[in-house]
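Report on one structure; see the data block that follows.
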Amino acid sequence: MPESINKVANPQIDESWRQVLSQEFDSQYFQELKAFLLAEKSAGKVIYPPGNQIFNAFNHTPFNKVKVVIIGQDPYHGQGQANGLCFSVSRGIKPPPSLMNIFKELESDMGIPFPANGDLSKWADQGVLLLNATLTVVSGQAGSHQGRGWEFFTNSVIRKLSQQSTGLVFLLWGKFAQAKEDLIDTGKHFVLKAPHPSPFSAHTGFLGCKHFSKTNEILISTNKEPIDWRLEV
């Protein structure tokens with residue numbers, strides 16, 4: 001079985017998540033998803049992110065360490081961009097426009113200078129779950145793996161977090177992410193909404209939303225350690 005698909009067939013995922021999501025891995029839709037991904041690979045399609053990074057968000061941020069959730073749509077589809085963390089790119093890869101706008105807001109809100117790279121793993125390691133709704137994509141084909149089962153999986157992730165945790169901060173940027181609010185118990189958790197950081201919409205309210213400082217204010221008010229949003233400069 002091709003390496004990247006084998007990682008889905010036998011997910012290399014943090015044990016805390018494996019326990020919480022065990023029913024998902026055993027489900028019919030997940031078996032169908034694995035078959036679909038195998039067929040894509042057998043057809044010679046290049047799939048991003050690399051197999052060992054598909055579950056990167058979960059491995060950087062164990063279930064019981066989650067404090068903040070940022071929801072993206074699907075991975076970047078350019079060569080070398082996707083690394084399993086939404087909005088993030090690996091070191092040495094030019095930050096895409098949406099990520100640049102995130103950095104603009106970070107600078108405006110927190111006075112944090114633009115980082116040297118777009119790797120957001122430091123956020124993930126502090127409890128920021130950087131979750132894409134779809135975890136794979138075909139090279140050069142945005143949205144190509146939507147509607148194949150990943151959304152069932154990631155919707156379950158959001159539900160489990162809502163049900164089994166308290167006081168999480170959900171950052172819902174754009175209409176797609178905001179549609180996930182129905183999965184969240186807003187009586188137990190905090191939801192901050194803004195337009196998507198894409199160049200097409202960032203100027204309509206993402207820039208100036210101050211979600212980074214607001215998130216930390218919420219975390220401090222609930223006796224949690226705030227996020228150090230600084231990245232390598």
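Residues in the stretch 30-75 that are of a type in the set (D, E, K, R) and assigned to a loop (DSSP other than H, G, I, E, B): LYS45, LYS67, ASP74.
Looking only at the stretch 12-61, residues that are among the aromatic types (Phe, Trp, Tyr) and touching a Lys or Arg at 6+ places or on another chain (Cβ under 7 Å) come to 1 in all. The condition (being among the hydroxyl-bearing types (Ser, Thr, Tyr), out of contact with any Asp or Glu (no Cβ under 9 Å at 6 or more places or on another chain) and touching a residue at least 40 places away in the same chain (Cβ under 8 Å)) is satisfied by just one residue among THR204, THR186, THR215: THR215. Total residues in the stretch 88-102 satisfying the condition of being open to solvent by less than 20 Å² (accessible area, probe 1.4 Å), of a type outside the set (Ser, Thr, Tyr) and either within 13 Å of LEU130 (Cα to Cα) or in a helix (DSSP H, G or I) (or both): the figure is 4.
The values are calculated or read from the model by the stated rules, or taken from the named source; none is laboratory data. Nothing here was measured: the structure is a model prediction, and the numbers come from that model. Cβ coordinates were reconstructed from backbone atoms using ideal geometry, including for glycine residues, and neighbour counts include every protein chain displayed. Note: accessible area is taken over every heavy atom of the protein model, side chains too, but ligands, DNA and RNA are not part of it. Shrake-Rupley method; radii C 1.70, N 1.55, O 1.52, S 1.80 Å.
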